[in-house]
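S.K.: I am attaching a structure below and will ask some questions about it afterwards.
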Amino acid sequence: MPTQAPPKGIGAAARWARRAPLLPALIFTIAVTQLPFVATLIISFLQWNSLAPENRGFAGLDNYIAVITDPNLRSSVLTTVLLTASVVLISLLLGLGIALLLDRKFRGRGLVRTMMIAPFLVVPVAAALLWKHALYNPEYGLFNGVLKWIFGESAAQPDWISTMPLTAVIAALVWQWTPFMMLILLAGLQSRPQDAVEAAFIDGATGFQVFRYLTLPHLRQYLELGGLLGSIYIVQNFDAVFTITSGGLGTANLPYTIYQTFYQAHDYGQASAAGVVVVIGSILIASFALRAVSSLLRDEVK
Amino acid sequence: MSTITQAKPRKGSWDRKLHWVATHSIGIALAIGFTTPIVFVFLTAVMSDKQALSSNLWPQEWHFENFLRVFEKAPMLEYMANSLMYSLLATLGVMLSAIPTAYALARMKWRGRNAVFLLVVAAMMLPPQVVAVPLYDMWINFGLTGTLWPLVIPYFLFDAFSVFLLRQFFLTIPQDYIDAAKIDGCSELTALVRVLVPMARPGIAATALFCFLFTWNDYFGPLLYTGENKGNWTLSLALASFRGSHQVEWNLTMAATVLIMAPAIVLFLFAQKSFVKGITFTGVKG
């Protein structure tokens, strides 16, 4: 280990001299990542509305109490949990199925993979607009167009967004996130030790047994990763809710509510408190999702 | 070995044919299902004004000039220039700030390294809306709200996801190379620039690609800081309002959507390998 070789005394000074050029980057890292959050924490305990700046002062837990008791905010907490959990779970399951399919060799596999990734590349606002207008629109949307094409002029022409608003948002997000999950799981499948699989087949294992006792335990790490990253980003989702329903019809999630509190009501203190709640919530959801996935697998590893 | 692999299906050829048909048809159905929405956007974009508002699925006439009409309806070139400025400057900034930080986290030995890495992961999990309040207040004091600078400048200091991704890449490059360079008298900085950066080029490319896509896609940031100053709008903001001001010309809204989606998809087709690598590398342990 040559790095540990230099003798003590001169060693320490020389080591720091060599590292010096990289230190500014590190100091920035700490300052830039953590200070804004500390500021948010502090503001969350203040009474501060930019429309009434003279009333600024310490508010104690008032903002948190407001966040928890306000029925709008409470329902947006519930919506966030529901939205995140269903998008992560559905896109993980779909992604797993597609990854298993793409793990087999067949002609056109590369093309299918490229086409599958496409939704992930669409600018999220464009994707949200696309779902809202091109697919869901009752008069010229694709869904009702297909219904007409199949069942003729008398086909039902539902207004998708107003009859099932949250489902509409979830479907759009699942469409965008399934390719991401699929890619992570496909990487997991392709790093699976092939000889163990072959040995199992020779010993007479069925395809399902191989999946359950070999593939699934191996994929655990990748399922966890997909669940974690997915939760982080979907808890933060703003574009889809803002575009598809403008937060109406009970689809306002916490990021949207924070935006409203901050940008329209100018209540900095309450927006910050809601922000802190989002962070705590995403940590909770992420760890819950992780535990759910690993407990599913733990039984089967035995 | 190969004979064993070939013997794997072991069942009748009828089974194998059925299997072949099943795999192919599911594959084709999925590929079509996931891409149809995008194709439909393109088809609507080239329909005539009237047909776009019907429930027809296939254009009767192909109006490719719709793509040009979009530029007449809105200052698309200006928005595009703003988007490009934001994405390119941010990507440049990330390269300058995240590479040294990731190196310090992956390949330098110092006390507290793991704690700092945890802070980086924590920062990655922090939704942008959460820190928006103090940051917005700070940028008001600097007099920079209404411009894209509040979005660009932070990338010259730090970006958690890029640092995370680069660290994962740097970990895959053997320490021996860096140790050897140091024995030859290199400082940490020279070891980074001369040894690690050339070896980690695919990882750096993937990180740059992600940063470009992320900023190109960003909607919340530009909405917050430039929402009231139309001259500094990015494409994503312009697209969302295009629909509002050109209600009837639905085909043009879709043509604008195609124009905004195109760069990301073209970029992906050229850099598919490093893109896929980038996603899978987030899972490297260490």
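The values are calculated or read from the model by the stated rules, or taken from the named source; none is laboratory data. None of these values were measured; they are calculated from a predicted model. Cβ sites come from the backbone with ideal geometry, for glycine too, and all protein chains shown count toward neighbours. Protein only, heavy atoms only, side chains kept; ligands, DNA and RNA dropped before computing areas. Shrake-Rupley method; radii C 1.70, N 1.55, O 1.52, S 1.80 Å.
S.K.: Rounded to whole Hz and in sequence order, give me ³J(HN,Hα) for segment B:148-165 from the Karplus expression 6.51 cos²θ - 1.76 cosθ + 1.60, θ = phi - 60°, writing x for Gly and Pro.
M.R.: Computed from phi, the couplings for segment B:148-165 are 8, 4, x, 8, 7, 4, x, 5, 6, 9, 5, 8, 4, 5, 5, 4, 4, 5 Hz.
S.K.: Moving on to the next point. Straight-line reach only, C-alpha to C-alpha below 19 angstrom: list the aspartates and glutamates that B:Lys73 could link to, leaving out same-chain residues fewer than 8 apart.
M.R.: Candidates past the 8-residue exclusion: B:Asp49, B:Glu65, B:Glu249.
S.K.: May I pose another question? Which aspartates and glutamates have a Cα lying under 18 Å from the Cα of A:Lys105, excluding residues fewer than 8 positions away in the same chain?
M.R.: A:Asp195, A:Glu198, B:Asp15
S.K.: Please arrange B:Lys277, A:Lys148, B:Lys50 by accessible surface area, largest first, computed with a 1.4 Å probe and ligands excluded.
M.R.: Heavy-atom accessible area, descending, gives B:Lys50, B:Lys277, A:Lys148.
S.K.: State, in angstrom, two size descriptors of segment B:13-67 derived from its alpha carbons: Rg to one decimal place and Dmax to the nearest whole number.
M.R.: Spelled out, the Cα radius of gyration and Dmax of segment B:13-67 are 17.4, 54 Å.
S.K.: Still on this structure: Give me the compactness ratio for segment B:74-283, meaning the Cα radius of gyration over 2.2 N^0.38 Å.
M.R.: For segment B:74-283, the normalised Cα radius of gyration is 1.17.
S.K.: Counting only GluC sites (Glu not before Pro) that sit in a DSSP loop (anything but H, G, I, E, B) with at most 13 other Cβ atoms within 10 Å, what is the longest stretch of chain B containing none of them?
M.R.: In short, B:66-227.
S.K.: Further, regarding this structure: What is the list of residues in segment A:117-131 whose amide nitrogen lies under 19 Å from a point 7 angstrom out from the Cα of A:Gln190, following Cα to Cβ?
M.R.: A:117-121
S.K.: On to the next question. Between B:Trp110 and B:Asn229, with labels modelled 7 Å along Cα→Cβ, what's the label distance in nm to one decimal, could you check?
M.R.: 3.6
S.K.: Return the calculated 222 nm mean residue ellipticity for chain B, to the nearest 500 deg cm²/dmol, obtained by summing -39500 (n - 2.57) across DSSP H runs with n ≥ 4 and dividing by the residue count.
M.R.: My calculation for chain B gives -22500 deg cm²/dmol from helical runs alone.
S.K.: Follow-up question, since we're still on this one. For A:Gln47, which sequence-distant residues (separation of 5 or more, or a different chain) have an amide H within less than 5 Å of its own amide H, given hydrogens modelled in the peptide plane?
M.R.: A:Gly57, A:Phe58, A:Ala59
S.K.: Oh, and also: For chain B, which span is the longest to avoid every loop-located (per DSSP) member of chymotrypsin sites (Phe, Trp or Tyr not before Pro) having at most 11 other Cβ atoms inside 10 Å?
M.R.: By the stated rule (loop sites, at most 11 other Cβ atoms within 10 Å), B:65-286.
S.K.: Now for a separate question. Nearest 100 Å², what total accessible surface is buried between chain A and chain B (probe 1.4 Å)?
M.R.: Counting protein atoms only, the buried area is about 8200 Å².
S.K.: Quickly work out the B:Leu189-to-A:Phe106 label distance, labels modelled 7 Å from Cα along the C-beta direction, and quote it in nm with one decimal.
M.R.: Output for this residue pair reads 5.6 nm.
S.K.: A further question on this structure: Residue separation times 0.36 nm, minus the C-alpha to C-alpha distance between A:Glu153 and A:Leu93: what's the value?
M.R.: The A:Glu153-A:Leu93 span can extend by a further 18.0 nm.
S.K.: What is the sum of charges around A:Val169, taking Lys and Arg as +1, Asp and Glu as -1, for the other residues whose C-beta is under 14 Å from the C-beta of A:Val169?
M.R.: 0
S.K.: Give me a comma-separated list of calculated 3J(HN,Hα) values for segment A:134-142, in order, Karplus coefficients 6.51, -1.76, 1.60 applied at θ = phi - 60°, integers in Hz, x for any Gly or Pro.
M.R.: Whole-Hz 3J(HN,Hα) from phi for segment A:134-142: 6, 9, 7, 3, x, 8, 10, x, 5.
S.K.: Count, for each residue of A:269-279, the Cβ atoms from other chains sitting within 10 Å of its Cβ, then give me the mean as a whole number.
M.R.: 3
S.K.: Longer than 30 Å from Cα to Cα, which of A:Lys132/B:Lys230; B:Lys230/B:Lys277; B:Lys109/B:Lys277 are they? Say none if no pair is.
M.R.: The pairs that break the limit, which is 30 Å between Cα atoms, are B:Lys230/B:Lys277.
S.K.: Given the whole protein assembly as supplied and a 1.4 Å probe, what does the accessible area of B:Ser187 come to in Å², nearest 10?
M.R.: Result for B:Ser187: roughly 40 Å² accessible.
S.K.: Only counting protein heavy atoms at a 1.4 Å probe, give the residues of segment A:158-189, ordered by number, whose accessible area falls by 40 Å² or more when the other protein chains are present relative to the chain alone.
M.R.: Buried-area filter returns A:Trp175, A:Leu183.
S.K.: How large, in percent, is the carbon and sulfur part of the accessible surface of segment A:159-242 at a probe radius of 1.4 Å?
M.R.: Carbon and sulfur together cover 62 percent of it.
S.K.: Run the quick spin-label model on B:Leu88 and B:Lys73: label points 7 Å from Cα toward the beta carbon, then report their separation in nm to one decimal.
M.R.: 2.7
S.K.: Determine the shielding of peptide A:103-116 by partner chains: average, over its residues, the number of Cβ atoms on other chains within 10 angstrom of each Cβ.
M.R.: So the per-residue partner count for this stretch is 4.
S.K.: Residue by residue through B:17-28, how many Cβ atoms from other chains fall within 10 Å of the Cβ on average?
M.R.: Per-residue shielding by partner chains comes out at 3.
S.K.: Got the relative contact order for segment A:44-301 handy, in percent, Cα pairs under 8 Å and 6 or more residues apart?
M.R.: Dividing the mean separation by the residue count of segment A:44-301 yields 31 percent.
S.K.: Expressed as a whole number of Å, what is the distance separating the alpha-carbon centroids of segment B:105-120 and segment B:250-270?
M.R.: Centre-to-centre distance over Cα atoms comes out at 40 Å.
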